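Undergrad: Okay, handing you the structure first.
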Amino acid sequence: MSDFKFSVTRNDTPTPAAEREEILANPAFGKKFTDHMVVADWNAEQGWHNLSVQPYAPLTLDPATTVFHYGQAIFEGIKAYRQSDDSIVTFRPEKNAQRIASSAQRMAMPEIPEQLFIQALKELVAVDKDWVPAAGGEGSLYLRPFLIATEIGLGVAPSQSYRFLVIASPVGAYFQGGVKPVSVWISEDYVRAAPGGTGAAKFAGNYAASLVAQQESIAHGCDQVVFLDAAKRQKVEEMGGMNVMFVIQGKLVTPELTGTILPGVTRNSLLQLAREMGIEVVEESITLEQWREAAESGAMSEAFACGTAAVITPIGTVKTTSGMFSIGGGQPGEITMQLREKLTGIQRGEVADTHGWLQKLA
């Protein structure tokens, strides 16, 4: 039994069932939201208090609220899946809870207890379970927990008060067109994170810093951007919101976690599944030049992006200022698809969860 008690205020004007079903039939990523949200406040005197589920609505914040000026804002992304028995589960929520606690520590914010984090997910899904798409398809309910600074004042210091919220959005495939290889642009002018910075935190500013590079990638006809290391612009780090993996001579290779790369839950899960499937896993740096050479020689047969939102998305083409190259003929690779089917199968209850990764929400 949770020690955290939430009050629940139901929305008096929920989305009509017919409109909700129309949204669920073709959910765009993060465009429509459920009828409720979780809200909880923190300050040094009271700790966590005012825990509630309430109607989804705009927030009212003073213009001098510190989140607007000094950027203390962190978040997570996690999905809820409807199972064949109509229950609703999520995937490894304790990992997201641990990561938001780590992000909070880096950003001088209060840590959200794991129990509170998971209970908040359960509370929201309990009232909005009709928003979880049907079992067996690509759809899921994307949950967005986030923490912001709420103190009013312009002094440069950690806020003395914070608000934790969870909102939810039904989603389908992250990239339009389903599982087909995407093209990526290598950013050589901009970096996502530097040693000693905030790269390992799921911090809003990291994503703000990536947006101009993402615009650049779109201008070059690409779907996503890939960032290199800050020091020499040689080592591949990660994409704007996803980790990157390669299949080189049958081995699964991914950049090692050095503090500048976000430790993805999907990344961690795939490495474990790959080992269990008999695939050798290597966590080490790979340079852009090594990527190009391995792809052109055929030593690299596959490359893919991975994360909660996109799950696993093959990378078919890489564009740089000095030209372009493709991986595996621009087609999804065998290991990529095996890992994707294994992971999504577990999440959707179609493959046995031998790790205890699924946790029931409703």
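The values are calculated or read from the model by the stated rules, or taken from the named source; none is laboratory data. Because the structure is predicted, anything quoted here is derived from the model rather than measured. Using ideal geometry, Cβ is built from the backbone for each residue, glycine included, and neighbour counts are taken over all protein chains shown. Only protein heavy atoms, including side chains, enter the accessible area calculation; ligands, DNA and RNA are left aside. Shrake-Rupley method; radii C 1.70, N 1.55, O 1.52, S 1.80 Å.
Undergrad: Can you name the number of the only condition in (1) of a type in the set (S, T, N, Q); (2) under 19 Å from the mean Cα position of the chain (by Cα); (3) crowded, with 20+ Cβ neighbours inside 10 Å that Ser217 fails?
TA: So the condition that Ser217 fails would be (2).
Undergrad: Return the pair list, or none, for Cβ contacts closer than 6 Å from residues in the stretch 18-41 that are at pLDDT 95 or above to residues that are basic (Lys, Arg) and part of a loop (DSSP other than H, G, I, E, B), at least 6 apart or on different chains.
TA: Final answer for the pair search is Ile23/Lys32.
Undergrad: Another question about this same structure. Cβ-Cβ distance below 9 Å, separation of 6 or more or different chains: which pairs start in the stretch 87-101 with a residue that is at positive phi and in contact (Cβ under 8 Å) with a residue 60 or more places away in the chain and end on one that is in a loop (DSSP other than H, G, I, E, B) and open to solvent by 20 Å² or more (accessible area, probe 1.4 Å)?
TA: Listed pairs, sorted by first residue: Arg92/His355.
Undergrad: Let me ask another. Kindly list, by first and then second residue, each pair from a residue in the stretch 57-80 that is within 30 Å of Arg10 (Cβ to Cβ) and among the aromatic types (Phe, Trp, Tyr) to a residue that is part of a strand (DSSP E or B) and open to solvent by less than 40 Å² (accessible area, probe 1.4 Å), limited to pairs with Cβ atoms under 8 Å and residues at least 6 apart or on different chains.
TA: That search, which allows pairs on different chains as well, returns Phe75/Pro145; Phe75/Leu147.
Undergrad: Going by the structure shown, is Leu61 within 18 Å of Ile167 (Cα to Cα), open to solvent by 10 Å² or more (accessible area, probe 1.4 Å), in contact with a helix residue (DSSP H, G or I) (Cβ under 9 Å, 6 or more places away or on another chain) and not acidic (Asp, Glu)?
TA: Numbers: within 18 Å of Ile167 (Cα to Cα): yes; open to solvent by 10 Å² or more (accessible area, probe 1.4 Å): yes; in contact with a helix residue (DSSP H, G or I) (Cβ under 9 Å, 6 or more places away or on another chain): yes; not acidic (Asp, Glu): yes.
Criteria met by Leu61.
Undergrad: Yes or no: the stretch 23-34 includes at least one residue that is surrounded by fewer than 17 Cβ atoms within 10 Å (Cβ to Cβ), touching a Ser or Thr at 6+ places or on another chain (Cβ under 9 Å) and closer than 13 Å to Ala149 by Cα.
TA: No, the stretch 23-34 has no match at all.
Undergrad: Let me ask something else about it. Which numbered condition trips up Ala168, out of (1) within 16 Å of the chain's Cα centre (by Cα); (2) modelled with pLDDT under 95; (3) among the small types (Gly, Ala, Ser)?
TA: Every listed condition holds for Ala168 apart from (2).
Undergrad: With the requirement that a residue be within 20 Å of the chain's Cα centre (by Cα), over 20 Å from Ser210 (Cα atoms) and of a type in the set (Val, Ile, Thr), what does the stretch 242-256 give you? Even if it seems obvious, please write down each step before you answer.
TA: Of the stretch 242-256, the ones within 20 Å of the chain's Cα centre (by Cα) are 242-246, 254-256.
Narrowing the set further to residues that are over 20 Å from Ser210 (Cα atoms) leaves 246, 254, 256.
If the condition is that a residue be within 20 Å of the chain's Cα centre (by Cα), over 20 Å from Ser210 (Cα atoms) and of a type in the set (Val, Ile, Thr), then Thr254 is the only one that fits.
Undergrad: Just give me the residues in the stretch 91-142 being more than 20 Å from Phe4 (Cβ to Cβ) and among the charged types (D, E, K, R), in sequence order.
TA: Arg92, Arg106, Asp130, Glu138
Undergrad: Considering only the stretch 218-242, how many residues are outside any strand (DSSP E or B) and either free of Cβ contacts under 8 Å to residues at least 40 places away in the same chain or charged (D, E, K, R) (or both)? If you could, list the steps in order and put the result at the bottom.
TA: Going through the stretch 218-242, the residues outside any strand (DSSP E or B) turn out to be 218-223, 229-234, 240-242.
Of the ones still in play, those that are also either free of Cβ contacts under 8 Å to residues at least 40 places away in the same chain or charged (D, E, K, R) (or both) are 218-219, 223, 229-233.
Here the count works out to 8.
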